Amino acid sequence: MKLLIQGGTVVTHEQTFVADVYCVDGKIVEVGPDLKISDVDDVVDANGKLVMPGGIDPHTHMQLPFMGTVAADDFASGTGAALAGGTTTIIDFVIPNPQQPLLEAYHQWRDWAQKAQCNYSFHVAITWWDDSVHADMKTLVEQHGVNSFKHFMAYKNAIMATDDILVASFSRCLELGAIPTVHAENGELVFHLQQQLMEKGITGPEAHPLSRPPKVEGEAASRAINIAGTLGAPIYLVHVSVEDSVEAIKYAKNKGQIVFGECLAGHLVVDDSVYQSQDWNLAAAHVMSPPFRPKKHQEALWNALQSGVLQTTATDHCAFCTAQKAMGKEDFTKIPNGTAGVEERMMVLWEKGVNQGRLTANEFVAITSANSAKIFNLFPQKGTIAVGSDADIVVWDPSKTKTLSSETQYSKIEHNIFEGMAVSGVPDTTICAGKIAWQQGELKTAPGDGQYVNRPPYASYYQSQLKRNQLAEPQAVER
Ligand code: URP
Ligand code: ZN
Ligand code: ZN
């Protein structure tokens, strides 16, 4: 397959220049102005458009069995939505049930993901601990291309990882050159507040944010960072949603700790007023954890992205339809947690980031693609436009407008948390593994076209992490 992208302006995380991009068999083989190439199967006219690395969404949950149901977007519809939004790679999660062997869960997810239409990879969650988990982590890293392990500090009585598990697993990550990641919310406090609210008769979706106030997240974020810091392990915090967590990350980074933070497109633009809606379905459609927050936290997240305290943007795409949300009609703790967004992420970030002057186009590429590639050790295979890189590319039309709506989305659910948002700047063509995967409203892939992406251990930051650990080795006093 030989594809020429002609006449566009290439934008990477560090450069902007006019160039054609020639792709052969899934790789970028030439980048330069006015390439004279006749041997092509397909040409994409990028005149007046930007040619950027395809988006990497480092946090999705397609087809997740969760809270008594299964997320409505499976690996086929969810990855179709990703391509429609300019995202060419997702990193999803294998979440073993407590006591389930990690490798069994991993193979189960690989099987489900066979119908994916874009590139995909997996973080693996550590939901319990014994010697087999310790051993399976090594197998996953060495034989299955997993270099990140997720820890849910919330969801008590389900998948919550307690401090003893965090200590054991972060230590194991360090031995393997993998990065521990955390969903930072204090699960004990959430559980306690949920019981209190139910006893008070506050049973609707408005109770959801009340059961997960900012301190609940900030405490867990600080704890996870301090555990990682004590052990000398790097750490990545998923879906940072409050100023309290941003401050914890900033503090640790200022002290020299290797800490990374992600925020969600939803948390950047949707506030907690949604839970006050008279319409139960609408309020419940926004039930996700951490919840949407008062506006002051959005400003903190934008500032953190701009200053580099947070490095990545994701969606936590975990779509539940109205009937599934209704499982919690009488009890908000039973509303399946999750919202969608994999299709809208890049458009929302362009509109509210670049068009509002908060981000440059290069910074946009950094936070939607390059930084995730670096943290999860895919760079420069992915996350940039360069000779030798994978031909995962979005041709972006900065002048085209669109109104985001559930009426036109690929996701299978009935609502859209960005409903009615007008955006200026949308994908024109998404190229995945060197082939046109989506173009001007038409999905051109089929389930199964997506490829599994191996991620090797020891991302670049590990070198300095190990060096500083070595220098800090405890010394016995010779007497
Ligand atoms: O509400 C959410 N975020 N659902 C998906 C699971 C998780 O916590 O990431
Ligand atoms: Zn989470
Ligand atoms: Zn998640």
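May I ask you to say which residue of 304, 283 is open to solvent by less than 10 Å² (accessible area, probe 1.4 Å) and within 15 Å of ligand 1 (Cβ to nearest atom)?
283 is the lone residue from the list that is open to solvent by less than 10 Å² (accessible area, probe 1.4 Å) and within 15 Å of ligand 1 (Cβ to nearest atom).
Scan 146, 167 and give me the residue that is touching a strand residue (DSSP E or B) at 6+ places or on another chain (Cβ under 6 Å) and either at pLDDT 95 or above or within 19 Å of residue 249 (Cβ to Cβ) (or both).
Only one candidate passes the filter, namely 146.
At positive phi and in contact with an Asp or Glu (Cβ under 9 Å, 6 or more places away or on another chain) - does that describe any residue in segment 212-235?
No; the residues of segment 212-235 include none that is at positive phi and in contact with an Asp or Glu (Cβ under 9 Å, 6 or more places away or on another chain).
Just to verify a result, which residue in segment 334-371, among those that are away from ligand 2 (no atom under 16 Å from the Cβ) and β-branched (Val, Ile, Thr), is surrounded by the most Cβ atoms within 10 Å (Cβ to Cβ)?
If we take residues in segment 334-371 being away from ligand 2 (no atom under 16 Å from the Cβ) and β-branched (Val, Ile, Thr), then 368 is surrounded by the most Cβ atoms within 10 Å (Cβ to Cβ).
In the list 383, 341, which residue meets the criterion of being within 15 Å of ligand 1 (Cβ to nearest atom), closer than 17 Å to residue 54 by Cα and in contact with a strand residue (DSSP E or B) (Cβ under 6 Å, 6 or more places away or on another chain)?
Sole residue among the options that is within 15 Å of ligand 1 (Cβ to nearest atom), closer than 17 Å to residue 54 by Cα and in contact with a strand residue (DSSP E or B) (Cβ under 6 Å, 6 or more places away or on another chain): 341.
With open to solvent by less than 40 Å² (accessible area, probe 1.4 Å), farther than 21 Å from residue 372 by Cβ and at pLDDT 95 or above as the only criterion, which of 49, 2 stands out?
Result of the check over 49, 2: 49.
Name the residues in segment 315-349 that are of a type in the set (D, E, K, R), under 16 Å from residue 412 (Cα atoms) and assigned to a loop (DSSP other than H, G, I, E, B), would you?
Within segment 315-349, 316, 343, 344 meet the criteria.
Within segment 64-71, does at least one residue satisfy the condition of being open to solvent by less than 30 Å² (accessible area, probe 1.4 Å), in contact with a strand residue (DSSP E or B) (Cβ under 9 Å, 6 or more places away or on another chain) and away from ligand 2 (no atom under 16 Å from the Cβ)?
Scanning segment 64-71 turns up no residue that is open to solvent by less than 30 Å² (accessible area, probe 1.4 Å), in contact with a strand residue (DSSP E or B) (Cβ under 9 Å, 6 or more places away or on another chain) and away from ligand 2 (no atom under 16 Å from the Cβ).
What number of residues within segment 217-252 are within 16 Å of ligand 1 (Cβ to nearest atom) and among the aliphatic types (A, V, I, L, M)?
7
With the requirement that a residue be part of a strand (DSSP E or B) and either among the aliphatic types (A, V, I, L, M) or open to solvent by 50 Å² or more (accessible area, probe 1.4 Å) (or both), what does segment 409-438 give you?
422, 423, 426, 431, 435, 436, 437
Would you confirm, using the coordinates I've provided, whether residue 369 is of a type in the set (Gly, Ala, Ser), at pLDDT 95 or above and within 19 Å of the chain's Cα centre (by Cα)?
Yes; evaluated as a whole, the condition is true for this residue.
From 287, 274, grab the single residue that is under 27 Å from residue 351 (Cα atoms) and in a loop (DSSP other than H, G, I, E, B).
287
Just the residues that are polar (S, T, N, Q) and surrounded by 15 or more Cβ atoms within 10 Å (Cβ to Cβ), please, taken from segment 452-479.
Correct list: 465 only.
The values are calculated or read from the model by the stated rules, or taken from the named source; none is laboratory data. Computed from a predicted model, the values in this text were never measured in an experiment. Heads up, the Cβs are rebuilt from the backbone with ideal geometry, glycines too, and the neighbour counts pull from every protein chain shown. The area values use the complete protein model at the heavy-atom level, side chains included, leaving out ligands, DNA and RNA. Shrake-Rupley method; radii C 1.70, N 1.55, O 1.52, S 1.80 Å.
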